[in-house]
Each structure stands twice: as structure tokens, then as C-alpha cells.
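Accompanying notes for the structure given below.
The values are calculated or read from the model by the stated rules, or taken from the named source; none is laboratory data. Note that this is a predicted model, so its numbers are computed, not measured. Note that each Cβ is placed from the backbone with ideal geometry, even for glycine, and that neighbours are counted across all protein chains shown. These accessible areas exclude ligands, DNA and RNA; they are computed on the full protein's heavy atoms, side chains included. Shrake-Rupley method; radii C 1.70, N 1.55, O 1.52, S 1.80 Å.
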Amino acid sequence: MKKVIIAGAVALIAAGGAWFGIPVYAEGEFKGALDGYFATKTDDRAGYKAAQLDYWNDRAEIGAVSDVVTVKIAGKELKGLLTVNDLIIEGYDLDAANTALAGADGKVEQIAQRVSWSGFTLTDEANGGALTGKAGSLANVKADKLDLKDIFETVGAEFSSAEQAGINFEWSKDTETLKASLATLSAENGASSGIGALTASDIKFRSAFSKDEVSGDIAMDWGDLAITGMAFSELLSVARFENRNAKITFNITGPSKRGREPQDVTGEIGFETYILENGDVHMAMFDIYPALITLFEQAENEETGPEEFAQIIEMIVAGLENAVKHNTGADSFVMTNLVTDIPMLQRQTIERVEAKDNRGLKLARFEMIGMTQTTPMGSKTSVDQMINEDIDLSALPAYLRKVFGAKVTPESPPHAEAFYRENTIAAAIPAISFGRWTIKNQVIELPDATVIKIGDVTMTPMLADENGAVQFATSLAGMTLPLEQIAQKDPRAGMALGMLKSQGIEQINLGYGIDLTASPKAGTVDITDISVALEKLGALSIKGDISGIDVEKMRTLPEQEWSVPLMEAGVGGVTIVVKDEGLLDFAFNMLASQQGAKPEQIAAGLAMQAEQMSAQFGSPRATALGQAVAAFMRDGGSITVTMAKTEPTPAMEIMMTVQTQGPPAVLDLLQIEAVHTP
């Protein structure tokens, strides 16, 4: 962008013929200088009309000037005919211009006070494109070096302000058309190092196409754009980027999935505001887009191969490396009132999206507020808030280099296979963190009016450390299911749901929690907590350790042979807590209704069976366990079963003990104890 704006401005001034190394003090010499310049052109269309010079007022006018220019877009070199109408150059400095034409000397000098034109046209006849503009101007144009043969080699170009009205672009080829426009474009304090401020209004884009039974049109209305503090270096940086009232609409017709009648896909995507502050990106990232365009073109011609795909992957990996190295990103960005409306798929709205401290591959905080989603079937989902914090993927680029090699090439897939084959699973896990996630107050409304409410869902953390250990923790505060709607939807559950309602339970409230750490290197799984809770019914929680899992041995065996190494794994320090909050009454009532007895009789009978069975084993531990279970049956409360032996006991040893000494011996082997709490 900087080269097109600044170098293009210099080209317009240079094309005026005011700086060809001669003192232009007479109109005849001025025209002669123009004639001499255009005499070197091989294209007959290059030239000028109605040139005149007001020497005493430092003012030059040219009715029209045309020249062939070269522009590079998306990696392609395009040649076009540029015509500028009513070109006026005021307050020019011939000495400064001649010095700049001679080459860079390290001094940036003012060449003209003001350059203006009534309109311009740039046509690319080879590709069918035309760019036009209405009136425009540049103020206080400066440069160190002017290169008329290659405007992109201009050095030290500057201007204090630039204005351009009514820019339009049109292109067509066969059944494809493209149109783009903007009402006004203005810039302040432009230089090779950046632009102080840039604004554009009423930005529009239109495209239509028809090919291989697929046709359609796309319209993009980007509204107004304002950028301040734009700096060019190895990074493209902006102090503030603001875009308002942007919208994309599309209407695409293609064959249906079953190949019958054509199917229309219409939709709209847009937002009200987008504001980014203190953002930057490495310039190399922009090389990905022309590479993708080339890849798509080659794919259409069936010319793609491993080399092209490797090039794209290499650019992506290098982009991730640059993000970490240069700490690119943004201090903050905010988007409001996002809408994605595709009738055949869904309609989604988001009131606000906000991110803070997104630097390198780290994200301090990402938040979405007020999300709703509606499907064509009538289902509706809403979420009050979703928050992501402390995401850190900084180790990912270095990990990808280990996998693909120092450079991604067509030989990288075999390199990746060797990496995973030659390294342990622990070494093959990247040390990254997905941070903490929270989803608050999710409500799902089904077409049959069933409403499912989900409380806070949290995940904290989900990460892998440098030793390959993976830590995962998540919890659900509560999921509410209405009993009446469920009973209507599934008559088979009617009796059970009726029992729950008879106990005053109108809806099921479910919660759960998982917190564990798995270490492939150590062969362990540490279960800090696995729990499930049903409000007004009961709760279950489990914790303990599993060790001796030979992960590396298992990866070398077929799945059907995993049982042998798994039998070598052991458990230890297990604690199981079962809490009754109405579940026993529900179960006893169900059994009583089926057997024609009273719930109290069912409870007493089950308690007696527990005591009798445990007593038959003839083991003090078995007897104590049976008594605790019996007390839990009779009185409710909670029962806690613990494995006092913290040293893991292999599964094979447990099985051998059962076979050789009987089940009661396992209780002693694992030091099983049970405690009932009323």
C-alpha cells in the first residue's frame, strides 16, 4: 500500500515533465522536455495534451498525460495504461527535482507544494480490468530519489496530505465479473516509513460468477475505515484500526447433494464495529495470499503437487515463528453486533467480541458476550458469556520444526513419520496450554419447547508441560432437564420420571467434574477428581492413582494385545464417596412398586443381604464393609470406601489373589475400608 500511494504520487509529478534536468523557464522548453521524455516510449498511446507553464507562479498544467506503468499485485506483474486528466503542479522546485532524478543523496527535499488532477484511468487490457478515479490531490510532496523507469525504486517519498474521490474498479472475464469502489480516500503525513492517518468511506465490492453448474454473486459493503499511526518496516503496525458497518451478502446456486434440483445458498455476515489498538503483523504474512491464489489456479489446471503444498505450509510455520520472534499481535480488539445469517444452516448473533494482550502466540483474554444461534429446524441456543484466558502456544513453531524439519519440503511427511517413530509419546507432545475456558449460562430450546439449561462450564487448565504430561480439568455447575417434556418425548421413561415428580423433583439438575493428569513418560494417570452430582438425588466422587502403564510398549502392539501391558498397570490410593440426597428413596420406591412391597421393606431387605453376604466371607474387612453398606441402605447419608494402600497394586496381582485366595483376600491386599456417615 505504501509504495502504491507514495510512489504512484511521485510518478504523477514526474509525468508532468517538470523535472528533466533543464530549467523550465519558457513554455516552449517545457513542452520540448515533455516531447523528449515521451519520445523514448515505444507505446504510441503514451503522451500528453495541452501543456502550459506559468513560470513566475511556479505552476505547470497538462490537460492530459498518458503512460504505460507496471504494477505488482498478488505476486503478478501487470502492465496498464495510466491517463491523468487536468494535472496541475504548483510550487515546484526544479533544483530539488533534478537532484532527486540524479539519485539518492540522503536528503529528502520538497519537490512541489501541491499536485492535483480532475480524474485518472488505469486500464489493464490484457486482463480486462480498469481502475478509475475522480478528483484528487497531494500536498507538500518530497523525495530523496526519483526513478522514472521504476517508480517502486523511489526513495524517501513524503507528502503531508492526499485526497482522492470516487475510486472504481471493474474487471470481467468470460462469466466472471468484479467491481469495487469507495467514495473517498484520504491520508495524512505519508512517508516511506508509514502514514499518520488513513480514512476511506463507503467501501464496496461486488462479484458474480458462473462455472460448472455453480453460479452466484457476492457483495461486500465495508462501510467506513479509519487507520491512525500506520508504520512500515519489517512489521506493519497501526496505532488504531477502526471499521464500521461492514457486511457480506451472498447468493450461490449449485447442484443439490442428491444431484436433483439446483440449491440456493444465501446468507449475510457482518458486524457493526471493529476496533483494534496497537496491532502489528510481520510483512511476510502477506506472501501467503498470492501463494494461495497461485495454488488455486494450479489446482484448476491440475498442476498442483507436493512442492506447492509444502510451500504454503512452510509460509504458515514461518509466520508462526515470526509471531513469536517479533511478538506480533494487538493490545486489544473489539467487535460489536456480529451477525451470521445463512437460512439453510443457521442464524448466529454475538453482541460483543473482545480480546486483550494478544501477542506472539499468547492470548491473555478473549471474551464473547450475548451469543444466540437458531437452526432451520427451530432449535435455539443462547450463551451469556464465553471467556478464554492465558492461552500459550509459543512452543508450537519450534515443535513443528522438529516434526517437519528445518524447512517444509515434499520430503517433510517422511520426516514427520520418522519423528513420531523415533521419539517417545512424551517427547512428541508439544508443551502448549489452552488456558482457562468458561461458558456461562447456556440455554437450549428444542423445537418441541423442551428447554435445557446448562450452568457454568469451566475448563481449567488444559495443558501439556515440557515432560509431555497432560493436565485436564473441567466441570459443569449444573444441567437442568425438564421431566415433563422428557417424559412426553420418551414414554418408556414415564414411570421413573413419575416417581421423581412424586418426590418433589420437577427437573433433573446434573453436574460433573473431571480433574486428572496423565504422564506418558511416567506411565501414570493421577485422578484428582471425577465426580457426578444429581441435585436432590445424590453424588459420586472418585480419586486415585493409576501407574505402571507402559505406553511405549502398547504403541508397538496391535490393539487386541493391549490387555497384557494393561494388566501390569496398578491402582492405589483410591477413594470413592457416594452421597445420598434422595436417590435411595427413589430406587426403593421403584422396586417397591414393582414387587408390591413397601419401600422400608426393600431397604431393610437389601441391608440384611449386604450384612449376610459380607459375613459369609469370614473376613473382618468384609464384615466391616458389609455393615457400612447396610447402614447406608437403612439410613442414607454417605459412604466412603478407601484403598488405604497408596502404593499401586498391579491388576495381575489382584486377579491372582482372587483366584488363589478368594475375594476377601483382595480387601486385605488393597487395605479396603468403608465408613458410613449418617
**OP:** Take Lys142 and decide whether it is surrounded by fewer than 17 Cβ atoms within 10 Å (Cβ to Cβ) and assigned to a strand (DSSP E or B).
**Re:** no
Original post:
Out of region 312-358, which residues are basic (Lys, Arg) and either surrounded by 18 or more Cβ atoms within 10 Å (Cβ to Cβ) or closer than 24 Å to Val408 by Cα (or both)?
Top reply: Lys325
Original post:
Only one of these conditions is not met by Glu581: (1) under 41 Å from the mean Cα position of the chain (by Cα); (2) over 28 Å from Glu647 (Cβ atoms). Which number is it?
Top reply: (1)
**OP:** Scan region 385-435 for residues that are closer than 20 Å to Pro461 by Cα and acidic (Asp, Glu) and report the count.
**Re:** 3
**OP:** Hey, can you tell me all the residues within region 647-675 that are open to solvent by 40 Å² or more (accessible area, probe 1.4 Å) and closer than 24 Å to Gln627 by Cα?
**Re:** Val658, Gln661, Pro663, Asp668, Gln671, Glu673, Val675
**OP:** Output the residue which, of all residues in region 623-633 that are among the aliphatic types (A, V, I, L, M) and either touching a helix residue (DSSP H, G or I) at 6+ places or on another chain (Cβ under 6 Å) or farther than 19 Å from Ile602 by Cα (or both), is surrounded by the most Cβ atoms within 10 Å (Cβ to Cβ).
**Re:** Met633
Original post:
Looking at Ser563, Ser593, which one is of a type in the set (S, T, N, Q) and under 30 Å from Pro520 (Cα atoms)?
Top reply: Ser563
Subject >> Answer residue from region 87-110, given it is within 22 Å of Ala46 (Cβ to Cβ) and of a type in the set (Val, Ile, Thr) and is modelled with the lowest pLDDT among those >> reply: Ile89
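Yes/no per residue for (1) in a helix (DSSP H, G or I); (2) closer than 27 Å to Asp529 by Cβ; (3) of a type outside the set (A, V, I, L, M, F, W, C):
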site	(1), (2), (3)
Val578	no, yes, no
Leu591	yes, no, no
Gly605	yes, no, yes
Gln612	yes, no, yes
Ala622	yes, no, no
Lys645	no, yes, yes
Pro664	yes, no, yes
Original post:
Going by the conditions given, is Ala406 within 25 Å of Val324 (Cβ to Cβ), modelled with pLDDT under 95, surrounded by 15 or more Cβ atoms within 10 Å (Cβ to Cβ) and not polar (S, T, N, Q)?
Top reply: no
Subject >> Members of region 48-60 that are under 16 Å from Val84 (Cβ atoms) and buried (at least 17 other Cβ atoms within 10 Å of the Cβ) >> reply: Tyr48, Ala51, Ala60
**OP:** For residues that are part of a helix (DSSP H, G or I) and either open to solvent by 60 Å² or more (accessible area, probe 1.4 Å) or among the charged types (D, E, K, R) (or both), tally how many sit in region 78-119.
**Re:** 2
Subject >> Counted residues, region 94-118 - those being of a type outside the set (A, V, I, L, M, F, W, C), touching a residue at least 24 places away in the same chain (Cβ under 8 Å) and at negative phi >> reply: 9
**OP:** Give the residues of region 634-660 that are among the hydroxyl-bearing types (Ser, Thr, Tyr), more than 30 Å from Ala604 (Cα to Cα) and touching a residue at least 12 places away in the same chain (Cβ under 8 Å), sorted by residue number.
**Re:** Thr646, Thr649, Thr657
Original post:
Are any residues in region 534-545 under 16 Å from Thr575 (Cβ atoms) and either open to solvent by 50 Å² or more (accessible area, probe 1.4 Å) or without any contact (Cβ under 8 Å) to a residue 40 or more places away in the chain (or both), and if so, which ones?
Top reply: Leu540, Ser541, Ile542, Lys543, Asp545
Subject >> In region 413-462, the residues that are more than 17 Å from Gln385 (Cα to Cα), free of Cβ contacts under 8 Å to residues at least 24 places away in the same chain and open to solvent by less than 40 Å² (accessible area, probe 1.4 Å) >> reply: Ala416, Ala418, Phe419
Subject >> Pairs where the first residue, in region 580-606, is under 19 Å from Gly626 (Cβ atoms) and open to solvent by 30 Å² or more (accessible area, probe 1.4 Å) and the second is modelled with pLDDT of 90 or more and assigned to a loop (DSSP other than H, G, I, E, B), C-beta under 8 Å, 6+ apart >> reply: Asp580/Gly636; Asp580/Gly637
Original post:
Pairs, please: C-beta under 7 Å, at least 6 apart or cross-chain, first residue outside any strand (DSSP E or B) and of a type in the set (S, T, N, Q) and in region 496-519, second open to solvent by less than 50 Å² (accessible area, probe 1.4 Å) and at pLDDT 75 or above?
Top reply: Gln503/Gly582; Gln503/Phe586
